[in-house]
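Here's the structure, in structure tokens; my notes come after.
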Amino acid sequence: MGNKTRSNHLLSYPLIVLAASGDVDAINAVLKHYEGYIAALSTRQLYDKSGNQHLCVDEALRRRLETKLITKILTFNVA
């Protein structure tokens, strides 16, 4: 079951080819696919004046990671 469930979460090869060729909808689909992972990587621990911990997404870091992903998508060699 683990393998089958996992394979349903993979990006399709045709989608990757379209994204690498610059198709905006395909690039957005890839970004949507990795949205949760990028948010997790962008999450920071902040503390208020009372010392209480708060988790929040660093929006600047999230945008940088998305930009980096788009750059890599566009330079990806699908051949």
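List the trypsin sites (Lys or Arg not before Pro) within region 20-79 that DSSP assigns to loop and that have no more than 10 neighbouring Cβ atoms inside 10 Å.
Sparse-neighbourhood loop trypsin sites (Lys or Arg not before Pro): Lys49.
Taking other Cβ within 10 Å of each residue's Cβ, how do Asp58, Asp48 sort, fewest first?
Asp48, Asp58
Net charge within 12 Å of Glu66 by Cβ-Cβ distance, Lys/Arg positive one each and Asp/Glu negative one each, not counting Glu66 itself? Mind dumping the intermediate values first?
Values: positive: Lys32, Arg62, Arg63, Arg64, Lys68, Lys72; negative: Glu35, Glu59.
Once all neighbours under 12 Å are counted, the net charge is +4.
Once both labels are modelled 7 Å past Cα along the beta-carbon direction, what's the His9-Asp23 spacing in nm?
2.4 nm
What residues qualify as long-range amide H neighbours of Thr43, i.e. H under 5 Å apart, gap of 5 or more or another chain, H built at 1.01 Å from N?
Here the answer is Asp58, since their amide H atoms fall under 5 Å of that of Thr43.
What net charge do the residues around Ala29 carry, taking every other residue with its C-beta under 14 Å from that of Ala29, with Lys and Arg at +1 and Asp and Glu at -1?
-3
What number in nm² do you get for region 2-75 if you take the convex hull of its Cα atoms and divide its surface by four?
Values: hull surface 26.0 nm².
Mean projected area for region 2-75: 6.5 nm², to one decimal.
No value in this document is a laboratory result; all are computed from the given coordinates. This structure is a prediction, so every number in the text was calculated from the model and none was measured. Methodologically, a virtual Cβ is constructed for each residue, glycine included, from the backbone with ideal geometry; neighbour enumeration extends over all protein chains shown.
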